[in-house]
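Novice: This is the structure, below, for whatever I ask next.
The values are calculated or read from the model by the stated rules, or taken from the named source; none is laboratory data. On a predicted model such as this, the values are computed, not experimentally measured, just so you know. As a convention, Cβ positions derive from the backbone with ideal geometry for all residues, glycine included, and neighbour counts pool all protein chains shown. Remember, those area values only see protein heavy atoms, side chains included, never the ligands or the DNA or RNA. Shrake-Rupley method; radii C 1.70, N 1.55, O 1.52, S 1.80 Å.
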Amino acid sequence: MASLPRNRFSLHQFLSLFLAASVILFIALESHLFYRLQEIQRGTEERHLKLARDELSHALHTVENTLEELSSRLQEWDELHQQLDQPAYYPYWRENRILNSTFFPRFITGMELYDPSGKILSPPLVPLFPTQLNDPRRLAVTGEGRLQLLYPITVPDRSRPGRTAGYALLAVDLLEAIRSRYIFTHLKADSLRVREGLPATLDGESLDPQELFQFSPIDLGDREAVTSLALRNTLYHSLLIAGGLLLVYLLVIRFISSPLRSLVRYLETLRRGAMEENPPSEFRVSELETLRKALVEYHHQLRAAHAELDHQNSRLWQLAHHDPLTGACNRLAFEEDWNSLIGLLDHQRIGIAYMLVDCDHFKAINDTYGHQTGDALLRIVAQLLQRSLRSGDKLYRLGGDEFAAVIINSTADSVMAIAERFQERISRYPFGQLGIDEPVTISIGIAIADEVDHHRLRSLPRDADLAMYHAKRSRKAVEIFRPEMGQDAAILSSRLVNAVLRAINHGDNLEMHYQAVVSADGNHTCFYEALARLRDGRELIMPCDIFPVVTRHRLDAAFDHAVIRAVSRDLIEERIPAGSGVSINLSAASVIEPSIEERLVSLRAFAGSHRIVIEVTEGSLISHLEQANRNLDNLRRRGFTIALDDFGSGYSSIRYLASMPVDLIKFDITLLQALRESERSRRIVEHVALMIREAGFELLAEGIEDEETLQLVTNIGATLLQGYLLARPGPMPGSELNHRPKR
Ligand code: C2E
Ligand code: MG
Ligand code: MG
């Protein structure tokens, strides 16, 4: 259990404190009671002693009264008078009468008679009596544990009033007298003794019974018995209270402290987030039971809320990490997975392949057939790709039509097998069902880091990108990254980017080459196609290297502007002969640029003397059909000829052809190749050509390299011709013109 803060105490500690305080209080109470009891006892004893003392005084007083009464009677006793008158018989009388006479009580131990001069009538029987009584005063004599009071009685002379006949001296055993004359109620009669150490004689006139006797008061209760009763009571109380306290302690522990502790434990585990903790079983104390039930209910609610939260979380996670269209993981998921994989693989060496997949011309398909078809295509591509991967390999959609897969524990062969499997599935899939007439093709770039070159792991995405770039450039379906690609690309890329930026910013390295487009009869050059090259020392950088860089850096429009400037310059410098013309290639970005007309103002100035042709590709037209149509319509009205370049290399959508603001169709080389493939292909091309011509378009065949093709394209009615056979592109228009016989 967690230790308590300094100023807090546990219930146990409180209970122990309560017990200790109770014991201390109990001891104090009992001690006080005991002390009071003792006090009361002492008070009672003192009261009893006083009563006994008073009683003793009273008893002495009674004895004195008895003696006075006796002395009165003796004063009147005839026999006694006779003895005083006739002392001769005294010894005899003394022996036979005095003590035997009923006259004397038993406490009178002896008597002697004295004549008026105080002389004893006969020598005393016991030495106690003096022979001469000088002063008839009372005298107390101690000895042998007795206290004898010599009590003188003056006997008056009955014949001579006022004269003394003599004296009688009584010996009174005082103790005996008291005992026989008095019944004690407060004094214990047996305890009455003559005090030891008294002087031999004492003045008998004023006797203090306290000085003379020692005694004990009657025991009303036995002091020891009272004490032991008090002690026994204290003990019983102690046991009772201790038992009671122990019982309270145990009950509190059992019914309050333990339940509270289990509740606290339960709450603690809940607080730590352990949702599956079992609640404590029922409690006897109703308040605690109510608390327990409330907690359990709260726990259930919490668990339900937790489960709901988990569910929502996983839903959110799912949403955040998945692409809703294809169901593949998204870029965020890729980045998280990739980073954690990199972290993991820092310690583990296994072969990893990164496969990048891109759907060729997806944008055009999307724009041509609509977004729904495009979405369906992406879903199918994702499905086929996922099926081609091993189970457990994740598929990511990085954006647009770009997919990626990270294949763990793989070799070049196993990844190649996956890529081929996928390509085969794509080629077999009936995309016609979606309404897509063109073949759907996919480019795949793969980069592999095996156990040996594990350090390349982090650059796999970039390498796969380069491999993809090579695949697209070489029109190969799959390319696996090779280091030279990286070197080429690295060297080229920085060199190319610099060259492109220089062309755009300064234009001094931009060299326009011109390739003649001649009339089918071979009579004249109709115009020259301006083709861009970049001068890099002795080397010329060709469009196949220029445009990937331009496109990747989204510099298409800027580069086109540089070309327009360069061609205008050549026109101004009259390098392009009047009567002919010039065609320039515009990228999709320029075609849809609202200010394209202004950009082309410098060329428009030559529209009177030259044929100015603007070459656009199907893709650029289809992607932004409306804006492109508007711009091109305007240009046509300003005297520009619009040519549709590369017809037959892409989609060649006849559907759009009718609505496109185009004057001239340029048959691509690939279409010319089809002329020779089979009779059927030739016929199709022928009919397309016928259709185009009949629709009022001019037909230009490009890529004519040999006589046979020249013949074929002439046969299908191409009115304009372009190709190495007729003229190669060169720095000066017409410089490379192959002088062919006129037709
Ligand atoms: P394109 O517009 O279809 O240009 C024709 C390409 O075919 C040129 O290649 C030309 O040299 C080549 N060619 C001409 N006759 C033959 C032939 O008989 N056989 C073969 N195999 N090829 C032939 P180039 O100059 O390498 O240009 C390639 C592409 O680069 C062009 O294709 C065009 O799309 C683009 N391009 C070139 N210059 C520019 C430019 O200034 N601006 C823009 N936006 N694109 C340009
Ligand atoms: Mg062209
Ligand atoms: Mg072309």
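Novice: Applying 1/(1 + (r/R0)^6) with R0 = 41 Å to the Cβ-Cβ distance of Asp203 and Tyr92, what FRET efficiency is obtained, to the nearest 0.05?
Specialist: Details: r = 34 Å, r/R0 = 0.83.
My answer for the efficiency is 0.75.
Novice: Using only the alpha carbons, work out the radius of gyration and Dmax of region 194-299 in angstrom.
Specialist: Cα only, region 194-299: 35.5, 107 Å (Rg, Dmax).
Novice: Sticking with this structure for a sec: So how do His687, His553 rank on accessible area, 1.4 Å probe, biggest first, that is with the largest at the start?
Specialist: In descending accessible area the options line up as His687, His553.
Novice: Any chance you could list the semi-axes, whole Å, largest first, of the equivalent ellipsoid that the Cα gyration tensor gives for region 501-731, using √(5λ)?
Specialist: Numbers: eigenvalues 149, 82, 63 Å².
Square roots of five times the eigenvalues give 27, 20, 18 Å.
Novice: Let me ask something else. When the dipole is taken about the Cα centre of the chain, and only Lys, Arg (+1) and Asp, Glu (-1) are charged at their Cβ, what size is it in debye, to the nearest 20?
Specialist: Working: 82 positive and 98 negative charges, 47 e Å.
Roughly 220 debye for the chain.
Novice: Tell me the Rg and the Dmax, in Å, that the Cα atoms of region 46-201 produce.
Specialist: 16.9, 56
Novice: Something else: Relative contact order for region 501-731: what is it in percent, counting Cα pairs under 8 Å that are at least 6 residues apart? Spell out each step's value before the answer.
Specialist: Details: 405 pairs, mean separation 44.1, N = 231.
Normalised by residue count, the contact order of region 501-731 is 19 percent.
Novice: Once you keep just the Cα pairs under 8 angstrom separated by 6 or more residues, what percentage relative contact order results for region 16-214? Write out the running numbers ahead of the final one.
Specialist: Numbers: 247 pairs, mean separation 44.2, N = 199.
Across region 16-214, relative contact order equals 22 percent.
Novice: How much of Thr66 can a 1.4 Å solvent probe reach, expressed as accessible area in Å² and rounded to 10?
Specialist: Here the residue's solvent-accessible area equals roughly 20 Å².
Novice: Another one. Rolling a 1.4 angstrom probe over the protein heavy atoms, how many square angstrom per residue are accessible across region 266-341?
Specialist: 68 Å²
Novice: To make sure I understand the rule: partners must be lysines, Cα under 27 Å from the Cα of Lys188, and not fewer than 8 residues away in the same chain. Which ones qualify?
Specialist: Qualifying lysines at Cα under 27 Å: Lys50.
Novice: I'd like to check one number: the per residue accessible area of region 607-718, probe 1.4 Å, reported in Å² as a whole number.
Specialist: Numbers: 4830 Å² over 112 residues.
For region 607-718, the per-residue accessible area is 43 Å².
Novice: Please turn the phi angles of region 387-403 into ³J(HN,Hα) values with the Karplus equation 6.51 cos²θ - 1.76 cosθ + 1.60 (θ = phi - 60°), one per residue in order, whole Hz, x for glycine and proline.
Specialist: Working through the residues one at a time gives 5, 7, 6, 6, 5, x, 6, 8, 10, 10, 9, 7, x, x, 9, 9, 10 Hz.
Novice: Right, another one. Summarise the accessible area of region 1-143 (1.4 Å probe, protein heavy atoms) by the percent that is carbon and sulfur. Working shown, then result.
Specialist: On the way: 5270 of 9120 Å².
Solvent-exposed carbon and sulfur of region 1-143 make up 58 percent of the total.
Novice: For the residue pair Tyr429 and Asn339, what label-to-label distance in nm results when each label sits 7 Å from Cα along the Cα-to-beta-carbon direction?
Specialist: About 3.2 nm, to one decimal.
Novice: What is the ratio of the Cα radius of gyration of region 414-573 to 2.2 N^0.38 Å, where N is its residue count, to two decimals? Show your work: numbers first, answer last.
Specialist: Values: Rg = 20.6 Å, N = 160, 2.2 N^0.38 = 15.1 Å.
Against the compact-globule rule of thumb, the ratio is 1.36.
Novice: Next question. Could you give P(r) for region 312-406, binned at 10 Å from zero, as whole percent values over all Cα-Cα pairs?
Specialist: Once binned at 10 Å, the Cα pair distances of region 312-406 give 15, 43, 31, 10, 2.
Novice: Average the reciprocal distances over every distinct pair of alpha-carbons in region 387-429, invert the result, and give the Kirkwood radius in Å. Display every interim value, and only then the final one.
Specialist: Working: mean 1/r = 0.0892 Å⁻¹.
Over region 387-429, the inverse of the mean reciprocal pair distance is 11.2 Å.
Novice: Read phi for every residue in region 594-604 and hand back ³J(HN,Hα) as whole Hz from Karplus 6.51 cos²θ - 1.76 cosθ + 1.60, θ = phi - 60°, with x for Gly and Pro.
Specialist: x, 9, 4, 4, 5, 4, 8, 4, 4, 7, 4
Novice: Please compute the net charge surrounding Leu356, taking Lys and Arg as +1 and Asp and Glu as -1 over other residues with Cβ under 9 Å from its Cβ.
Specialist: Details: positive: none; negative: Asp358, Glu402, Asp465.
So the surrounding residues net to -3.
Novice: Ignoring everything but the protein chains, give the 1.4 Å probe accessible area of Arg676 in square angstrom, nearest 10.
Specialist: Counting only protein heavy atoms, Arg676 exposes about 110 Å² to solvent.
Novice: While we're here: Computed from the mean reciprocal separation of all distinct C-alpha pairs, what Kirkwood hydrodynamic radius does region 1-116 have, in Å? Numbers along the way, then the final one.
Specialist: Working: mean 1/r = 0.0459 Å⁻¹.
Evaluated over region 1-116, this radius sits at 21.8 Å.
Novice: If you roll a 1.4 angstrom probe over the protein chains with everything in place, what fraction of the accessible area of region 501-731 belongs to carbon and sulfur, to the nearest %? Don't skip to the end; give the middle numbers.
Specialist: Values: 4930 of 10000 Å².
On region 501-731, the fraction of accessible area on carbon and sulfur atoms equals 49 percent.
Novice: Let me have the 222 nm mean residue ellipticity of the chain computed from DSSP H runs of 4+ only, each contributing -39500 (n - 2.57), with the sum over all residues rounded to the nearest 500. Walk me through the numbers before you get to the answer.
Specialist: Working: 25 runs with 362 residues, N = 743.
Per the formula, -16000 deg cm²/dmol.
Novice: In debye, nearest 20: dipole of region 538-693 around its Cα centre with unit charges on the Cβ of K, R (+) and D, E (-)?
Specialist: 260 debye
Novice: If I histogram all Cα-Cα distances within the chain using bins 20 Å wide from 0, what percent of pairs lands in each bin?
Specialist: Pairs per bin, as whole percents: 12, 22, 13, 8, 8, 6, 6, 8, 9, 6, 2, 0.
Novice: At 1.4 Å probe size, with the rest of the protein present, what percent of the exposed accessible area of region 331-492 is carbon and sulfur atoms? Could you put the intermediate results ahead of the total?
Specialist: Values: 3970 of 7790 Å².
Summing carbon and sulfur atoms, their accessible area is 51 percent of the total for region 331-492.
Novice: Compute the accessible area per residue over region 504-577, keeping the other protein chains in place, probe 1.4 Å, unit Å².
Specialist: Working: 3330 Å² over 74 residues.
Heavy-atom SASA per residue in region 504-577 reads 45 Å².
Novice: Which angle between 0 and 90 degrees, to the nearest 10, do you get for helix 460-474 versus the longest principal axis of the chain when only C-alpha atoms count?
Specialist: 20 degrees
Novice: Sticking with this structure for a sec: Could you tell me which residue out of Leu540, Val126, Ser659 lies farthest along the dipole of the chain toward its positive end? Charges go on the beta carbon: Lys and Arg +1, Asp and Glu -1, centred on the Cα centre.
Specialist: Ser659
Novice: Next question, about the same structure. Pop out the Kirkwood hydrodynamic radius of region 331-492 from its pairwise C-alpha distances, inverse of mean 1/r, in Å to one decimal. Mind showing how you got there, number by number?
Specialist: Details: mean 1/r = 0.0616 Å⁻¹.
It is 16.2 Å.
Novice: Lys/Arg Cβ at +1, Asp/Glu Cβ at -1, dipole of the chain taken about the Cα centre: which of Val155, Thr525, Ser410 is farthest positive-ward?
Specialist: Val155
Novice: While we're on this one: With angles folded into 0 to 90 degrees, how steeply does helix 223-252 sit against the dominant principal axis of the chain? Use alpha carbons for both and round to 10.
Specialist: Rounded to the nearest ten degrees, it is 10.
Novice: Using a 1.4 angstrom probe and counting only protein chains, how large is the accessible area of Met542 in Å², to 10?
Specialist: Counting only protein heavy atoms, Met542 exposes about 80 Å² to solvent.
Novice: Lys394: which lysines have alpha carbons under 26 Å from its alpha carbon, excluding same-chain residues fewer than 8 sequence positions away?
Specialist: Within the straight-line limit of under 26 Å, Lys394 reaches these lysines: Lys363, Lys472, Lys476.
Novice: In percent, what relative contact order does the chain have, based on Cα pairs under 8 Å that are 6 or more apart in sequence? Walk me through the numbers on the way to the answer.
Specialist: Details: 1050 pairs, mean separation 52.0, N = 743.
Over the chain, the number comes to 7 percent.
Novice: Hey, if you put +1 on the Cβ of every Lys and Arg and -1 on every Asp and Glu Cβ in the chain, which of Leu11, Thr368, Ser583 ends up farthest toward the positive end of that dipole?
Specialist: Among Leu11, Thr368, Ser583, the one farthest towards the positive end of the dipole of the chain is Thr368.
Novice: With no solvent and one point on each alpha carbon, what is the Debye value of log10 I(q)/I(0) for region 540-662 at q = 0.16, 0.18 Å⁻¹?
Specialist: Log10 of I(q)/I(0), two decimals: -0.80, -1.00.
Novice: Sequence-distant or interchain residues sharing an amide H contact under 5 Å with Ala516, placed H: which?
Specialist: Glu529, Gly734
Novice: Quick check on packing: order 610-617, 397-404, 282-289 by the mean number of other C-beta atoms within 10 Å, highest mean leading. Each step should come with its number before you reach the end.
Specialist: Working: 610-617: 22.4, 397-404: 19.2, 282-289: 13.1.
Answer by packing, highest mean first, reads 610-617, 397-404, 282-289.
Novice: Order the following by accessible area, largest value first: Tyr429, Tyr182, Tyr266. Probe radius 1.4 Å; ligands, DNA and RNA are ignored.
Specialist: Working: Tyr429 65, Tyr182 45, Tyr266 5 Å².
Descending order: Tyr429, Tyr182, Tyr266.
Novice: Note down the net charge around Arg387, summing +1 for each Lys or Arg and -1 for each Asp or Glu among other residues with Cβ under 9 Å from its Cβ. Kindly include the intermediate steps, with their values, before the conclusion.
Specialist: Values: positive: Arg421, Arg425; negative: none.
Charge balance near Arg387 sits at +2.
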